[in-house]
Amino acid sequence: ILAVVPVLYGQEVALDEADIDEVMATGTMEPPMSSATHSHPTTAPKHPTPTPTTPKGNYTLKGKDGKICFRAIFETSFKVKYATKKSGKTVMEVASFNLPAMHSYEGKCGSKMVHFWITWKPGYVLNMTFVKKSVNGTIQPNSEIEEMKENQAWELESIKFTYSTNDKKIFKNAEKPGVKNAFSNASAMYFRTPINESYTCVSQSTIPLLDMNSMTNMANVTISKAKIQPFAQNFGAEFTCASDLAKNNVVPIAVGAALAGLLLIVIVAYFIGRRNARAGYESV
């Protein structure tokens, strides 16, 4: 028996029904939500008005056997281009907004694929597909791991973002409002990580999303303060992103440069002092 699940680029993928686990739950702000599963989507709990800071989502998917198949913690923000009318002319504006505190999420787990999507009103869906695959050689950009212990890795294969420019609070004076879709580049890969490790990145990772008709960049989704682990019950060893590694190397490099500069000053001062002393002896 085949079960058909929605994926990106307007396609569908058939997976073996026995290989698919499904969970539906409700997203919340911190502290982390309960990992209890539900047979139907639940109503998002009521919260006070959120602060201007980006809410951090804490997500857990469980399979039919009750075992966790996906864990993720991250913050999400968006920038979306849209058309408006000003003085009779079409002008492109950019709407910037964060994932709201009030949202829900669902997911499906297979042995080699995890579908995970976040929904919120009115009509927003952030759909992410993680895959497990065999790779050769090294995993970049993490320079700490030169050789893979296993030939298996996972990565974020694709993103689809559905949004509605009917939302007048975000898309003010939108021209031809309606439901829009933006997709990640099909040839790109994101967050590639050894299979038993968790992708960890405090820095912002911005992923461009394309309009499939014009193939132009219409939106960006930015993920930060992230810790993501599909295909596992618990977070594994941390696989640090290149941006964080670069930041961590800044302080040692600065300290080393300062010490080298200080040493150079001491050496120069020593030779100047020695030369002056020799000149004094010669005059005597």
Restricted to region 97-137 and to residues being among the hydrophobic types (A, V, I, L, M, F, W, C) and over 17 Å from residue 161 (Cα atoms), the residue most open to solvent (accessible area, probe 1.4 Å) is 102
For region 208-220, does any single residue satisfy the condition of being in contact with an Asp or Glu (Cβ under 8 Å, 6 or more places away or on another chain) and open to solvent by less than 30 Å² (accessible area, probe 1.4 Å)?
no
Reported set for region 108-129 where residues are among the basic types (Lys, Arg) and in a strand (DSSP E or B) is 108
Here the residues within region 166-195 that are open to solvent by 20 Å² or more (accessible area, probe 1.4 Å) and more than 26 Å from the chain's Cα centre (by Cα) are 166, 168, 172, 173, 174, 175, 176, 177
Subject >> Condition check for residue 144: out of contact with any Lys or Arg (no Cβ under 7 Å at 6 or more places or on another chain), surrounded by fewer than 18 Cβ atoms within 10 Å (Cβ to Cβ), modelled with pLDDT under 95 and of a type outside the set (Gly, Ala, Ser) >> reply: yes
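Criterion first (hydrophobic (A, V, I, L, M, F, W, C), part of a loop (DSSP other than H, G, I, E, B) and modelled with pLDDT of 95 or more) does residue 161 satisfy it?
In short, no.
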A careful count of residues in region 151-165 that are β-branched (Val, Ile, Thr) and within 20 Å of the chain's Cα centre (by Cα) gives 2
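The values are calculated or read from the model by the stated rules, or taken from the named source; none is laboratory data. Since this is a predicted model, take the numbers as computed values, not measurements. Counting neighbours? That spans all protein chains shown, and the Cβs are built from the backbone with ideal geometry, glycine included. Side chains are part of the model used for accessible areas, which takes the heavy atoms of the whole protein and leaves out ligands, DNA and RNA. Shrake-Rupley method; radii C 1.70, N 1.55, O 1.52, S 1.80 Å.
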